[in-house]
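Report on the following structure.
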Amino acid sequence: MKTLFNLKLVAFILSIGLFATSCKEDDDPGAAPNTNGNTEYNGQKYTIKNGYYAVGDGIKLYGNANTHHLDFLFITDGTPQFSNDGDITSMKDGKIAILGATISPDGNSFKPGTFEYNDLAADVNLTPAQIEAKYKNKAFFYESIVRIDTDGDNNWQEEADIKITGGTIKVTGALPAITTEYNLNLENGKTIKGNFGGTFNKLNLDLDLDEDGE
């Protein structure tokens, strides 16, 4: 049984990078979804045009059974290119990308709803009863990031991930056709606000963790 508060699992999630997730293509990444939203960051507007999702796994926050489900949402104004093994190798036409790790209050699958940011690292010393009281039936997200091509040279590897430290991600609809609305606080003191709706392309993300999180 995977437990989110296993330190090895937390370290693994912390190590996930936007361009090194080893996601594998399940649907055609060239099939552009419909779009209906804009995003604003630091006074500049971006038009998000591509969305992807990766199904994670059930996780146990308390008790003896999975209580929540971990999944990933990835949106961008660019068109990512994938290598044969699924890594994102380039995105020449994009300027912004957002990766969200969502936790649904269901041990079996992703559920739409309003996900509020929570800092799980601050909860490692809570008792199981305290964790249950805090997270039972609650949707939230954590360890999520933004990456921006700050100088417009399309070199994404040189850009640093900006951690999301607060805010909400609202998801309506049912995968793969969903609408997202987000109001996010970043570690640099800035905010990102916007929305995106369309058909998200599915990616396969294998966490490959055993019961001990190894």
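Some notes on this structure:
- Unmet requirement for Glu143, which otherwise passes all of (1) farther than 26 Å from Gln81 by Cβ; (2) touching a helix residue (DSSP H, G or I) at 6+ places or on another chain (Cβ under 6 Å): (1)
- Enumeration of residues in segment 47-73 that are outside any strand (DSSP E or B), touching a helix residue (DSSP H, G or I) at 6+ places or on another chain (Cβ under 9 Å) and modelled with pLDDT of 90 or more: Thr67
- Extreme residue, farthest from Lys202 (Cα to Cα), among residues of segment 141-162 that are in contact (Cβ under 8 Å) with a residue 12 or more places away in the chain and hydroxyl-bearing (Ser, Thr, Tyr): Tyr142
- Condition met for Ala65 (closer than 23 Å to Tyr182 by Cα and over 16 Å from the mean Cα position of the chain (by Cα)): no
- Candidates Thr179, Thr165 - the one that is within 19 Å of the chain's Cα centre (by Cα), surrounded by fewer than 16 Cβ atoms within 10 Å (Cβ to Cβ), touching a residue at least 40 places away in the same chain (Cβ under 8 Å) and not in a helix (DSSP H, G or I): Thr165
The values are calculated or read from the model by the stated rules, or taken from the named source; none is laboratory data. Only a predicted model underlies this, so the values are computations on that prediction, with no experimental measurement involved. Reconstructed Cβ throughout: ideal geometry from the backbone, glycine too, with neighbour counts over all protein chains shown.
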